[in-house]
Amino acid sequence: MDRARRAELVGRAGLVRCAWGDSAPEYVAYHDEEWGTPLHGDDALYERLCLEAFQSGLSWITVLRKRPAFRAAFAGFSIDAVARFTEDDEARLLAAAGIVRNRAKIRAAIGNARAAQQVPGGLSALLWSFAPTGPRPRPASLADVPATSPESTAMARELKGRGFVFVGPTTAYALMQATGMVDDHVAACFRAAP
C-alpha cells in the first residue's frame, strides 16, 4: 500500500481503519465495536433494520447520534411492544424531536414489527439465511465495496413478500454489513478478519 493511501486510513489513535470509520467519535465507536460484527436476535436485528430504513436519504451519523432517542421512542426496539403501537403512538413519534420524524418511516417501523411477528422461526433466522457462504474477496478500498449483492436483492424480495417495507436491496445490504452477515472492512483495516 502506498504512503498516501495508508495515511488516509490511519486514524487519530494510530489504528488503520476503513476511511469512513475515523471521521467522528460516533463513527470510531461504531466502526470499532459494532459494524461487521455478527449480530443475532430478533429484536436486535429488528432495531438495525429500522435504523437502516430511517437512514435512507440521510447520513448514518445522523442516525447514530439519534440512536438513544430512537431506542427510547421505540420501546427498545422490542418487536412485540412496537407491534402493539397505536395511532396515538404514531402521533407521539411524529412529535418526538429526538428521532427522524418521517411519517412513512415511522409507519414502516410499526408495520415491520407486525410483519416480524409473523415470520416462522423468527426474524434473525430469516435474515441470516441470506448471509453468503464461503470466502469473499476482501475489498481493497471503499470503491470496491458494493451497494447491493445478489443476496441482499433476494433478502429484500423475501422481506417485501412478507409485508415489510423500506427494505430495498441497498438497505438490505447495509443491514448485512452492519450485522456481520458480510465483512466489508477494507483489507488494511485492523478489523479485517484474516
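What follows draws every value from the coordinates through simple rules; no lab data is involved. What you see is a predicted model, and the numbers here were worked out from it, not measured in a lab. A quick note on method: Cβ atoms are made from the backbone with ideal geometry, for glycine too, and the neighbour counts reach across all protein chains shown.
Of the residues making up segment 80-110, those that are assigned to a helix (DSSP H, G or I) and touching a Leu at 6+ places or on another chain (Cβ under 7 Å) are R103, I106. A single member of A188, A116 is over 27 Å from Y27 (Cα atoms) and touching a residue at least 60 places away in the same chain (Cβ under 8 Å), and it is A116. The single condition from (1) of a type in the set (A, V, I, L, M); (2) surrounded by 17 or more Cβ atoms within 10 Å (Cβ to Cβ); (3) out of contact with any Leu (no Cβ under 9 Å at 6 or more places or on another chain) that A116 fails is (3).
Please go through segment 10-50 and give me each residue that is outside any helix (DSSP H, G or I) and charged (D, E, K, R), ordered by number. Correct list: R12, R17, E34. No other residue among L126, L159 is under 30 Å from P194 (Cβ atoms) and either among the basic types (K, R) or out of contact with any strand residue (DSSP E or B) (no Cβ under 6 Å at 6 or more places or on another chain) (or both) apart from L126. Taken together, the residues in segment 65-75 that are surrounded by fewer than 19 Cβ atoms within 10 Å (Cβ to Cβ) and more than 17 Å from R114 (Cβ to Cβ) amount to 6. Residues that are exposed (fewer than 14 other Cβ atoms within 10 Å of the Cβ) and touching a residue at least 40 places away in the same chain (Cβ under 8 Å) were ranked within segment 133-157; the one that is nearest to the chain's Cα centre (by Cα) is L142. Quick check on segment 140-150. Is at least one of its residues hydroxyl-bearing (S, T, Y) and assigned to a helix (DSSP H, G or I)? No, there is no match, as no residue in segment 140-150 is hydroxyl-bearing (S, T, Y) and assigned to a helix (DSSP H, G or I).
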